[in-house]
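Asker: This is the structure, below, for whatever I ask next.
The values are calculated or read from the model by the stated rules, or taken from the named source; none is laboratory data. Keep in mind it's a predicted model, so treat the numbers as computed, not measured. Here the Cβ is made from the backbone with ideal geometry for all residues, glycine too, and neighbour counts use every protein chain on show. Accessible surface is based on the protein model in full, side chains and every heavy atom, while ligands, DNA and RNA are left aside. Shrake-Rupley method; radii C 1.70, N 1.55, O 1.52, S 1.80 Å.
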Amino acid sequence: MRNIIALCALFITFSSFGQLNVDSLGRMNFLFGPHNTMINDVWGYTDELGNEYALVGCEKGTSVVDVSDPTNPSEVFWETGMNSTWRDLKTWGDYAYVTTEALNGLLIIDLSPLPASTVLPVAYYTGPNATDSAWQSAHNLYIDEQGYAYIYGSNRGNGGVIILDVNTDPMNPIELGVFDDWYVHDGFTRGDTMYLGHISDGFMSMVDVTDPAIPVLLGTAASPSTFTHNVWPSSDSQFAFTTDEVSGGYIGAYDISDPANIFEVDRIQSSPGAGVIPHNAHVLGNYIVTSYYSDGVVIHDATYPYNLVEVANYDTYPDQTTGYDGCWGAYPFLPSQNILATDRSEGLFILGPSYSPAAYLEGIVTDAVTFAPIDLANVQITGSNQPELTNNTGFYATGIATAGTYDVVYDKVGYFPQTFSVSLTNGVITIQDVELVPIPPYTFDITVVEAGTGTPIPGAQILCKVPQQSHSGLTNGIGQESLTLFYEGMYDFVVAKWGYYAYCDNMQIDNTTGAITVELNLGYQDDFVFDLGWSLAGSAVTGLWERGDPFGTSSGSAPSDDVSYDCGVEAYVTGNMASLAGDDDDVDQGTAVLFSPVMDLSTYTNPYINYSRWFYCHYGPQTPDDSLRVRISNGISSVQIDAVGPLHPDSVGWVDISLPITDYISLTSTMQVMITTSDISPAVNITEAAFDKFYIVEEANIGLDEAALSFVVYPNPTEGKVYVSGILGEQDFVLVANDGTVVQRGVVSSSNNEINIQNLPNGSYFLQLGETTHKVFKVN
């Protein structure tokens, strides 16, 4: 079915749209009007009179839009198709070719009647007549300068490449050959070489197609995030650029001069830390034009492929997400140099870019004492969001879009940072070599003993951490460890071993500290800062338990932080993939089981088990078989003590649990806890769980004896309020000035842990809970 409809362009300027060296010339919104459709990819076409057109893939069909007047784009042709999220388009001569993952075949549109007529003949191709060679869907395609069309990701074979001749008879393609070693998501061909992106296998490949009937593999290389969406070579075919379609994915740059030895020369992200997903990169001369879902169109200067520099951008999407919202395609090859950009929901944008080379900065960073090159030194131009690291020869290369004088910070752990003022000019490489001076180290000695007896504790794990550096250690046979530190300041200091309550503090450490003795009380506690011996099992295909700082998901199904009132930032979570865009690492089709180390509770009278749990289940069955269950074993039998399913009122968010163990099972010297998450439903179900802040405490000690559990005071220093974590029940506190005067008394608890000292003079104070004391610093 075909329609000829003129749509009014919605030419709207959104103040929330960011831009650099790119102007918005016009826009058409496809969500309004007769089609009411989201859109996807885009390609361009120019007729014999020089009129320019956007070929727009839509979820409901294919649109041809006249963009000769960018301020007034108008649709001149529409071909309805099967509904699909994916439509990709390319041209050969006066013909457009459109693939889709719907079972719609290859759409061919004869554009030659334009502009005189908008009645455009169409045809559909689904492969040769032989049944075993037919195909109905494909993800993408490319057409080279010889008129060979390369079909990617079809529903035939492995979904590799089907090579068609569309030059001989454009409306009736002729199949020439197949490369079907792996699934191919996208690709490019120039001369006798195919460049292919194998998204699910995580690498790019180069294939010789001198004879299309006999493709020959030349070489492969993994992309930075091993989810290779597309690949495009430089104009001289000496380099190639890839995108990884994952949250926080990179554009990767590779030297491909020897296909048998492809190697990476640079990588770059858009909006580092925001989790933005790149989609398609195209090369135009010395520039890479890339569509980013949440960041719109981003242009990088690739004059020097080892130094990719962002020089222009236009954000088509008003929000910032880590998902697949926003710009799908960007076509930069129109004679006018206008860019056609398709935003899934915001529509077609006609953009006017200003291509200008970056201002480049290069140099060598060395040790000022030994003159040896320093690798992994950080180089940051003030005003740029792109940090750069030196390589193993000390070399760095970076740059910025706009010429000017900038402060550049050079930093490496163990060295004093240095800042230089550098004048940078567009199109010019400025050289700045730097020598960094080493920071003199000092020794911090730790002795760990058992509280009350002074018995040395071997094998205790130690963490000593400041923002610049983290140090870890393990006590020897006499309970001692010596750490070499560089920085002076407030350290997160944690000591833990299974069978003891952990010590957790934020303390000042400098070259005068020298040594410290830490006393650990007997007991069982784990905030999962360290691996204290928990074990894993399960049958799930994804989402097994992992210990780490939770990444979370954009849907909120998994936590993005651990329990805020324990020590450290770690927890056990079911799958912890660094992809905020979806629930790619939830528990699927089986169980994920977490086992504690064995505990001797035979000397306890009435111990309570305490922990925090998180459980999320969506699309689960009404009679839950997807659940989080906690069991405890005494080595003879086991019993379930806690369970939560999809319909449970506490099924989302962190929930604190405290249960008397003897209500369920008798105490022995071989106690063990098991946490099981199951997802028995189909894979469409989302099941996530997390576990944190585990400890055992006697009933008699709940709310009475904080000496059994170390507590944490934060922030410290403070401007007026501090919070106390690691509290059992209610605790009386006393705040004492340096002269011994009691300046404040009160009560804190796990639910009300704030102490307000805004009215106290600046200085240091001693905060005492039970037998434990912390030094608190009050500042402006």
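Asker: Take the alpha carbon gyration tensor of region 188-293, find the square roots of its eigenvalues, order them as a ≥ b ≥ c, and report rounded if a/c is under 1.5; if not, report prolate when a/b exceeds b/c, else oblate.
Answerer: prolate
Asker: So, one more: Among Asp626, Asp549, what's the order by accessible area (1.4 angstrom probe), most exposed first? Mind showing how you got there, number by number?
Answerer: Working: Asp626 0, Asp549 75 Å².
Most to least solvent-accessible, the answer reads Asp549, Asp626.
Asker: While we're looking at this one, here's another question. Once you sort the root eigenvalues of the Cα gyration tensor of region 338-421 as a ≥ b ≥ c, which label holds: rounded (a/c under 1.5), prolate (a/b larger than b/c) or oblate (the other case)? Mind dumping the intermediate values first?
Answerer: Values: a/c = 3.14, a/b = 2.63, b/c = 1.19.
Prolate is the answer for region 338-421, as a/c is 1.5 or above and a/b outweighs b/c.
Asker: In the chain, once you exclude exposed GluC sites (Glu not before Pro) (DSSP loop, at most 15 other Cβ within 10 angstrom), what's the longest stretch remaining? Don't skip to the answer; put the middle values down first.
Answerer: Working: sites that count: Glu48, Glu145, Glu488, Glu719, Glu771.
Within the chain, the longest run free of exposed GluC sites (Glu not before Pro) spans 146-487.
Asker: Report, by chain and number, residues whose modeled amide H sits under 5 Å from the one on Leu111, excluding near sequence neighbours (fewer than 5 apart, same chain).
Answerer: Tyr95, Ala96
Asker: What is the diffusion coefficient of region 484-636 in µm²/s, taking the Kirkwood radius over Cα pairs and the Stokes-Einstein relation at 4 °C with a viscosity of 1.567 mPa s? The partial results should precede the final answer.
Answerer: Details: Rh = 18.2 Å.
Calculated translational D: 71 µm²/s.
Asker: Cβ neighbours within 10 Å, averaged per peptide: list 246-252, 422-428 in order, most packed at the top. Walk me through the intermediate numbers first.
Answerer: On the way: 246-252: 24.6, 422-428: 15.0.
Result, highest mean first: 246-252, 422-428.
Asker: For region 367-463, what does the convex hull of the Cα positions come to per residue, in cubic angstrom? Numbers along the way, then the final one.
Answerer: On the way: hull volume 14.7 nm³, N = 97.
Once divided by residue count, the hull of region 367-463 is 151 Å³.
Asker: Can you tell which of Gly249, Leu49, Asn511 lies farthest toward the positive end of the dipole of the chain, using +1 and -1 charges on the Cβ of basic and acidic side chains (Lys, Arg; Asp, Glu)?
Answerer: Going by the charge dipole, the pick is Asn511.
Asker: Count the lysine pairs in the chain that are 8 or more places apart or on different chains: how many have C-alpha atoms under 28 angstrom apart?
Answerer: 13
Asker: Let me ask you something else. Dividing the convex hull volume of the alpha carbon atoms of the chain by its residue count, what do you get in Å³ per residue?
Answerer: On the way: hull volume 160.6 nm³, N = 780.
Spread over its residues, the Cα hull of the chain gives 206 Å³ apiece.
Asker: Considering the dipole of the chain built from charges on the beta carbon (Lys and Arg +1, Asp and Glu -1) around the Cα centre, which of Pro224, Gly191, Ile657 is farthest to its positive end?
Answerer: Toward the positive end, the furthest listed residue is Ile657.
Asker: Taking a ≥ b ≥ c as the square roots of the Cα gyration tensor eigenvalues, with a/c under 1.5 meaning rounded and otherwise prolate when a/b beats b/c, else oblate, which class fits region 97-196?
Answerer: Numbers: a/c = 1.88, a/b = 1.42, b/c = 1.33.
Because a/c hits 1.5 or more and a/b exceeds b/c, region 97-196 counts as prolate.
Asker: So, one more: Could you state the per residue volume, in Å³, of the convex hull enclosing the Cα atoms of region 460-521?
Answerer: On the way: hull volume 5.2 nm³, N = 62.
With only Cα atoms used, region 460-521 gives 83 Å³ per residue.
Asker: What residues qualify as long-range amide H neighbours of Val776, i.e. H under 5 Å apart, gap of 5 or more or another chain, H built at 1.01 Å from N?
Answerer: Tyr765, Phe766, Leu767
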